[in-house]
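Engineer: Quick one: this structure, given as structure tokens, is what I'll be asking you about.
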Amino acid sequence: MQRMKTRVFGRTGFVAGEVGLGTWQLGADWGDVPEDAALATLRAAHEAGTNFFDTADVYGAGRSEELIGRFLRGTHAKVFVATKLGRFSDPGWPANFTRAGVRQHTEASLRRLGVGALDLTQLHCVPPDVLKRGELFGWLGELQAEGKIRAFGASVESMDEALWCVQQDGCASLQIIFNIFRQKPVAALFAAAQVRQVALIVRLPLASGLLAGKFTAATHFPANDHRNYNRDGQAFNVGETFAGLPFAQGVGLADALKPLVPGGMSMAEMALRWCLDFDAVSVIIPGAKNPQQARANARASDLPPLPRELHARLAGFYQREVHAHIRGPY
């Protein structure tokens with residue numbers, strides 16, 4: 001297995017390969033990924049040094065978790081699996097946010113993954129008013145005490161939610177959108193998370209693929225790809241698609257970044273490396289639909305840090321050209 005640089009995952013003590021794998025795309029909403037391709041992608045990521053998989057019960061109504069469970073049983077690989085609950089359709093909202101609902105979803109994830117305890121359970125972008133009642137964390141604490149989960153945290157949409165969660169006893173991790181187009185966490189969250197030893201999981205480090213620099217305004221996505229049907233937040237939070245930017249504008253902004261890419265580095269590598277250059281980040285979870293993408297993502301760990309001058313230029317670009325155009329909770 002390829003060696004990858006590691007980081008301690010907050011106060012859990014787990015040592016994570018710094019490039020994890022997001023597996024939303026293996027369940028649903030990113031076009032079709034056949035089972036053999038999904039399993040090959042998991043295998044390639046693990047062979048490249050990834051030991052952190054992120055999933056959720058709602059990804060393909062359990063398909064993503066089931067595929068990870070099949071991979072784990074077939075390989076006996078030692079992988080930290082972070083899942084989520086709160087958005088599954090059965091029993092659905094608001095019953096998902098009861099003690100019984102939290103237990104039901106936890107036990108269903110245990111069965112699909114085929115494990116005795118969940119490494120990490122995250123509240124899955126639950127409504128802010130429900131989150132801030134505090135009951136959900138208390139119920140996750142009960143399941144932790146029973147040995148059904150080892151740690152719990154939250155996947156959030158806004159920095160206001162993130163800062164509230166950071167202060168909650170027992171919150172081990174936060175999952176946030178963070179990339180060159182979404183830089184607000186640097187000033188708003190990172191210091192507080194480090195003080196509290198809360199691990200930060202970075203989702204959408206490539207802004208749904210925009211920061212790979214390969215799209216044009218005419219790029220077509222399949223009907224069952226959220227980059228087609230959620231461009232303006234028609235199905236869920238617009239921030240989960242293209243970092244909340246209108247697609248054509250996002251393509252133009254990505255094109256404007258291309259001259260800044262260092263020699264010998266792809267644009268995607270620059271974007272992933274940019275995220276990893278922040279010490280507060282515990283693990284990034286780019287998605288991959290095939291083994292080649294999984295291996296390419298993992299290579300970001302071997303790249304040198306970006307020059308300070310480039311970081312300054314990217315920060316200025318975000319403030320001048322990007323920030324005002326982001327839609328959705330932020």
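The values are calculated or read from the model by the stated rules, or taken from the named source; none is laboratory data. This is a predicted model, so every value here is computed, not measured. Please note: Cβ atoms are built from the backbone with ideal geometry, for glycine as well, and neighbour counts cover all protein chains shown.
Engineer: For Asp36, state whether it is over 15 Å from the mean Cα position of the chain (by Cα), in a helix (DSSP H, G or I) and not aromatic (Phe, Trp, Tyr).
Structural biologist: Taking the combined requirement at face value, the residue satisfies it.
Engineer: Among the residues of segment 182-191, are any modelled with pLDDT of 95 or more, polar (S, T, N, Q) and under 19 Å from the mean Cα position of the chain (by Cα)?
Structural biologist: yes
Engineer: Tally up the residues in segment 27-71 that are touching a strand residue (DSSP E or B) at 6+ places or on another chain (Cβ under 8 Å) and within 22 Å of Arg111 (Cβ to Cβ), please.
Structural biologist: 10
Engineer: Continuing with this model, one more query. When you scan segment 87-100, how many residues do you find that are over 15 Å from Ala56 (Cα atoms) and surrounded by 13 or more Cβ atoms within 10 Å (Cβ to Cβ)?
Structural biologist: Number of matching residues: 5.
Engineer: Within the set of pairs 6 or more residues apart or between chains, which connect a residue that is among the polar types (S, T, N, Q) inside segment 283-299 to a residue that is surrounded by fewer than 24 Cβ atoms within 10 Å (Cβ to Cβ) and not in a helix (DSSP H, G or I) with Cβ atoms less than 7 Å apart?
Structural biologist: Listed pairs, sorted by first residue: none to list.
Engineer: Just to verify a result, which residue in segment 113-165, among those that are β-branched (Val, Ile, Thr) and assigned to a strand (DSSP E or B), is farthest from Leu189 (Cα to Cα)?
Structural biologist: Among them, the one singled out is Ile149.
Engineer: To continue, here is another question. For segment 75-93, indicate whether the set of residues that are in contact with a Leu (Cβ under 8 Å, 6 or more places away or on another chain) and in a helix (DSSP H, G or I) is non-empty.
Structural biologist: No, the conditions are met nowhere in segment 75-93.
Engineer: What helices (runs of 4 or more DSSP H) lie completely within segment 221-285 and have 3 or more residues being in contact with a Gly (Cβ under 8 Å, 6 or more places away or on another chain)?
Structural biologist: Hits in segment 221-285: 247-257.
Engineer: Could you please find all residues in segment 20-45 being out of contact with any Phe, Trp or Tyr (no Cβ under 8 Å at 6 or more places or on another chain), surrounded by 18 or more Cβ atoms within 10 Å (Cβ to Cβ) and not small (Gly, Ala, Ser)?
Structural biologist: Within segment 20-45, Gln25, Val33, Thr41 qualify.
Engineer: Which condition number in (1) surrounded by fewer than 19 Cβ atoms within 10 Å (Cβ to Cβ); (2) over 17 Å from Leu211 (Cα atoms); (3) within 18 Å of the chain's Cα centre (by Cα) is the one that Ser282 fails?
Structural biologist: Result: Ser282 passes all but (1).
This table checks each residue for (1) charged (D, E, K, R); (2) within 30 Å of Ala256 (Cα to Cα); (3) without any contact (Cβ under 8 Å) to a residue 40 or more places away in the chain.
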{"site": "Gly134", "(1), (2), (3)": "no, no, yes"}
{"site": "Arg150", "(1), (2), (3)": "yes, no, no"}
{"site": "Met159", "(1), (2), (3)": "no, yes, no"}
{"site": "Ala162", "(1), (2), (3)": "no, no, yes"}
{"site": "Ile176", "(1), (2), (3)": "no, yes, yes"}
{"site": "Val186", "(1), (2), (3)": "no, yes, no"}
{"site": "Val195", "(1), (2), (3)": "no, no, yes"}
{"site": "Val198", "(1), (2), (3)": "no, no, no"}
{"site": "Ile201", "(1), (2), (3)": "no, yes, no"}
